[in-house]
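Presented below is the structure to which this report refers.
The values are calculated or read from the model by the stated rules, or taken from the named source; none is laboratory data. All figures in this text were calculated on a predicted structure; none of them were measured in a lab. Please note: Cβ atoms are built from the backbone with ideal geometry, for glycine as well, and neighbour counts cover all protein chains shown.
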């Protein structure tokens, strides 16, 4: 099975249901299939071996995803925020692609010598050739998408997700036609993020209408939720924090039933506030990677509520966990020798399952002989089988002979009522190898006591985990999906910024 088959199932099962866009002028499942047929003809006529998408999220994106599938080529959604040199280097890897680009980005495709459509032109071209499906599409082992990692610690790598990876994820996590006719999902992540791809597929398969928010603002998000009676939404932690922390907003969301979050670590303070603000909403923490076709573990709504209500510290701590593995996934935490560690012991998270790709364009697979993929995330299981993700292995601070996880210190900082955002990094040091330093973003109108913060960390953890310096910045450098760009933070601290 390929992902175009998922669209065919939706078109046959509930073809007259609007699955993309607003109620008044959205696209039905049957029409999306017809448009994908027309767009696929354009891809084949161009002789392209890939479809590059260099534009903001919108109706052209799901059409591009399914058109590429029908044409038997991968979709390559590209980060439109990349600098010119990075963008040119990435596009040079796809010399025979057909491109879709916003006007501001069309020049990059022109420099690469690629034919290019605007999103509006792409939609019109699909309309001109729309029709009945005339072929079955690619084999399950064919590449469906190539998504380039954010490159926060190294150069971006192209993650290859094959049709069977994505289909396995959808079939393992969603019930076909399981959504009610009134349900609508709001997607606020950019198209070059795995969550954008997975949300298109899972919501379509469930029969849920999908809306996109091209430019996130707290007020704009809330307005769209109310206007379109959104029932399900997905945000990254920085978005939820901004929605809750922006003053003088009407935060009423009577239609919202479920809100998923992921992509970066959620401060416990933020999710506790959200649960109090919207007690009627089911919150889900979804942990996953591009290489795993999205979610591999989940902390569900009942577990959120149980953690907040519990007096047991071990249960309450689960609000900061990534929950438990989804049924089709196996997870292991291993030490540096490759041995599986006991609950409570930290190590690297490894994952196995049909949805797991672990494959990089031009570099082959990274899975081991047992089929497990090394996530490069550090974590641990508690006695109840809940997974705690403690940051990237590459982020570990090595001070003297001690390995220190920044996440542990960041959690203490983010608990402080005057701290809006925080990061802890290792800065090169001649004596210790690395010294611990922290950057915090104070809440507006507060007078943050930095030495008091250091004293709090020392009392909560210990002296060796106390940052030697804490400085205030107006904001932290993050990707559009909320991930900290730690190399920029280290550079700024080392330069005395």
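Assorted remarks:
- Residue 364 being in the same structural domain as residue 323 (by TED's automatic domain parsing) and out of contact with any helix residue (DSSP H, G or I) (no Cβ under 7 Å at 6 or more places or on another chain): yes
- Filtered residue count, segment 455-472, keeping only those that are surrounded by fewer than 18 Cβ atoms within 10 Å (Cβ to Cβ) and either within 21 Å of the chain's Cα centre (by Cα) or touching a residue at least 12 places away in the same chain (Cβ under 8 Å) (or both): 8
- The single residue among 440, 424, 389, 490 that is part of a strand (DSSP E or B) and more than 30 Å from residue 342 (Cβ to Cβ) turns out to be 440.
- Qualifying residue in segment 36-43 (condition: over 13 Å from residue 126 (Cα atoms) and touching a strand residue (DSSP E or B) at 6+ places or on another chain (Cβ under 7 Å)): no
- Boolean, residue 195 is modelled with pLDDT under 95, within 24 Å of residue 76 (Cα to Cα), assigned to a helix (DSSP H, G or I) and not assigned by TED's automatic domain parsing to the domain that holds residue 352: yes
- Hey, residue 270 touching a helix residue (DSSP H, G or I) at 6+ places or on another chain (Cβ under 8 Å), crowded, with 16+ Cβ neighbours inside 10 Å and farther than 23 Å from residue 410 by Cα or not: no
- The residues of segment 223-282 that are outside any helix (DSSP H, G or I), farther than 27 Å from residue 23 by Cβ and modelled with pLDDT of 95 or more amount to a single one, 279.
- Residue check: residue 205 meets all listed conditions (1) crowded, with 22+ Cβ neighbours inside 10 Å; (2) touching a strand residue (DSSP E or B) at 6+ places or on another chain (Cβ under 8 Å) but one, namely (2).
- Restricting segment 56-92 to residues that are within 19 Å of the chain's Cα centre (by Cα) and over 16 Å from residue 214 (Cα atoms), the residue that is surrounded by the fewest Cβ atoms within 10 Å (Cβ to Cβ): 82
Here is a yes/no grid of residues against (1) surrounded by fewer than 22 Cβ atoms within 10 Å (Cβ to Cβ); (2) in the same structural domain as residue 479 (by TED's automatic domain parsing); (3) under 25 Å from residue 26 (Cβ atoms); (4) in contact with a helix residue (DSSP H, G or I) (Cβ under 7 Å, 6 or more places away or on another chain):
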site	(1), (2), (3), (4)
110	yes, no, no, no
133	yes, no, yes, yes
166	no, no, yes, yes
174	yes, no, yes, yes
182	yes, no, yes, no
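- Looking across segment 207-219, the residues that are over 11 Å from residue 184 (Cα atoms) and either in contact with a helix residue (DSSP H, G or I) (Cβ under 9 Å, 6 or more places away or on another chain) or modelled with pLDDT of 95 or more (or both) come down to 213, 216, 217, 218, 219.
- Residue 317 vs. criteria outside any strand (DSSP E or B), modelled with pLDDT of 95 or more, within 24 Å of the chain's Cα centre (by Cα) and within 30 Å of residue 427 (Cα to Cα): no
- Selection status of residue 264, in contact (Cβ under 8 Å) with a residue 40 or more places away in the chain, more than 27 Å from residue 479 (Cα to Cα), surrounded by fewer than 17 Cβ atoms within 10 Å (Cβ to Cβ) and outside the structural domain of residue 483 (by TED's automatic domain parsing): no
- Here residue 475 meets each of (1) under 29 Å from residue 80 (Cβ atoms); (2) outside the structural domain of residue 348 (by TED's automatic domain parsing); (3) surrounded by 17 or more Cβ atoms within 10 Å (Cβ to Cβ); (4) out of contact with any helix residue (DSSP H, G or I) (no Cβ under 6 Å at 6 or more places or on another chain) with one exception, condition (3).
This table checks each residue for (1) at pLDDT 90 or above; (2) assigned by TED's automatic domain parsing to the domain that holds residue 433; (3) touching a helix residue (DSSP H, G or I) at 6+ places or on another chain (Cβ under 7 Å); (4) not in a strand (DSSP E or B).
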site	(1), (2), (3), (4)
350	yes, no, no, no
355	yes, no, yes, yes
371	yes, no, no, yes
376	yes, no, yes, no
384	yes, no, no, yes
412	yes, yes, yes, yes
417	no, yes, no, yes
